[in-house]
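> I have a structure here, written as structure tokens, and I will follow up with some questions on it.
Every number in this text was worked out from the coordinates using simple rules, so none of it is lab data. Treat the numbers as computed from the prediction; the structure is a model and nothing was measured. With ideal geometry, Cβ positions are generated from the backbone for all residues, glycine too; neighbour counts draw on all protein chains shown.
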Ligand SMILES: Cc1cc2nc3c(=O)[nH]c(=O)nc-3n(C[C@H](O)[C@H](O)[C@H](O)COP(=O)(O)OP(=O)(O)OC[C@H]3O[C@@H](n4cnc5c(N)ncnc54)[C@H](O)[C@@H]3O)c2cc1C
């Protein structure tokens, strides 16, 4: 894998290319920053009201709580350099900090063990601060769902939204939507990328019910996060234990298991809330949880975690179509994977590496 330095310091783009990027999560914003650094004219579109995708934080009375990605790794040195350079706030302070959390996992016999020590990183003061910082200086058009791509007579791509409005004409298109949405967009456009169907078919798509809970007096749990061995509950973390979080009491985030979320995908959110709260209370009872709960917010992720168990193709670049795919789902389905996938795609677009696993 070539380095970020290499892609950033050598301007290999023969002429200013107009690039459209569908999606403004970590993959879309990373691709946007790296392509901008190469002198490309980049426009990002996102169907959501703001950038960030699954690195989302929900506003609560006294701050915000991370409802999607909980923490991430930084193993790729290029990712570290990228975040150091671009993930900074308006005062040039880093938007990323280490979360030195006390985490536990539950054994098959329901006993608890400490999770292995690792460097875990979060956005400060909320996860979405990172994607907000990355979006600075980029042309990000939110609340805009790209419905289809139409080829123009001069071999470029016209993007069209859900009401048929034109979103501009571009030389290259990068799609970073999760696999179902990418597949739909390609089908709507009558585009078949070689081998893509097989990759989409092989991917698990996991929904996830999430619950935010406020304990005004603190949950009095003996750790900052728990990975459960439970039919419904998979994860709970004390959001207030992350750096830079203010506010009274403790805000916790609970994530349900994928198969349970899938089974109860259309259930009443109130019922989901009751099930997850009682599972949490029972599971950590021995750890001293208080049941003193006030505010709650329930959220359903339809496409929460997806990706290859192993390496995955990384990215897809079709030089003939001038269309690329990247995103966490083309790697192991995590925040760092989303960056690495985007980095690989940008290098392929610039001709610095192979086109990826499917072209
Ligand atoms: C509940 C949960 C917990 C997680 N926990 C962790 C964790 O602890 N650690 C970790 O590393 N990762 C975790 N992840 C995964 C992590 O959030 C993702 O790997 C990463 O954020 C994916 O980034 P992305 O850019 O590839 O995709 P996304 O963030 O999904 O971005 C894709 C964007 O495309 C947009 N889009 C889709 N279709 C269209 C369209 N047609 N037009 C316009 N826009 C469109 C979407 O709105 C979205 O913003 C978690 C995810 C969830 C949901």
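> If you average 1/r over every pair of different alpha-carbon atoms in the chain and take one over that average, what Kirkwood value in Å do you get? It would help to have the intermediate numbers written out before the result.
Working: mean 1/r = 0.0472 Å⁻¹.
Every distinct Cα pair counted, the radius reaches 21.2 Å.
> Let me ask something else. At a Förster radius of 51 Å, what calculated FRET efficiency corresponds to the Cβ-Cβ distance of residue 15 and residue 334, to the nearest 0.05?
Details: r = 35 Å, r/R0 = 0.69.
For R0 = 51 Å, the calculated efficiency reads 0.90.
> Something else now. In degrees between 0 and 90, to the nearest 10, how far off the longest principal axis of the chain does helix 179-188 point, with axes built from Cα atoms?
Tilt of helix 179-188: around 30 degrees.
> Here is a further query. Could you pull the Cα extents of the stretch 54-200 along its three principal axes, largest to smallest, in whole Å?
Principal axes ranked by extent give 61, 45, 36 Å for the Cα atoms.
> Taking the simple approach of a point 7 Å from Cα along Cα-to-Cβ for both residue 294 and residue 268, what is their distance in nm?
2.6 nm
> A further question on this structure: Semi-axes of the stretch 315-354's equivalent ellipsoid from the Cα gyration tensor, sqrt of 5 times each eigenvalue, largest first, rounded to whole Å? Write down the numbers at each step before the final one.
Details: eigenvalues 68, 20, 7 Å².
They are 18, 10, 6 Å, listed from largest to smallest.
> Compute the distribution of all C-alpha to C-alpha distances in the stretch 157-256, in bins of 5 Å from 0, and list the percent of pairs in each, rounded to whole numbers.
For the stretch 157-256, the pair-distance distribution reads 2, 9, 15, 14, 8, 9, 9, 11, 12, 7, 3, 0.
> Using only Cα atoms, what is the ratio of the radius of gyration of the stretch 208-251 to 2.2 N^0.38 Å? Can you show the working numbers first?
On the way: Rg = 11.2 Å, N = 44, 2.2 N^0.38 = 9.3 Å.
It is 1.21.
> To test your reading of the geometry: what angle, between 0 and 90 degrees and rounded to tens, separates the Cα axis of helix 77-86 from the longest principal axis of the chain?
That works out to roughly 90 degrees.
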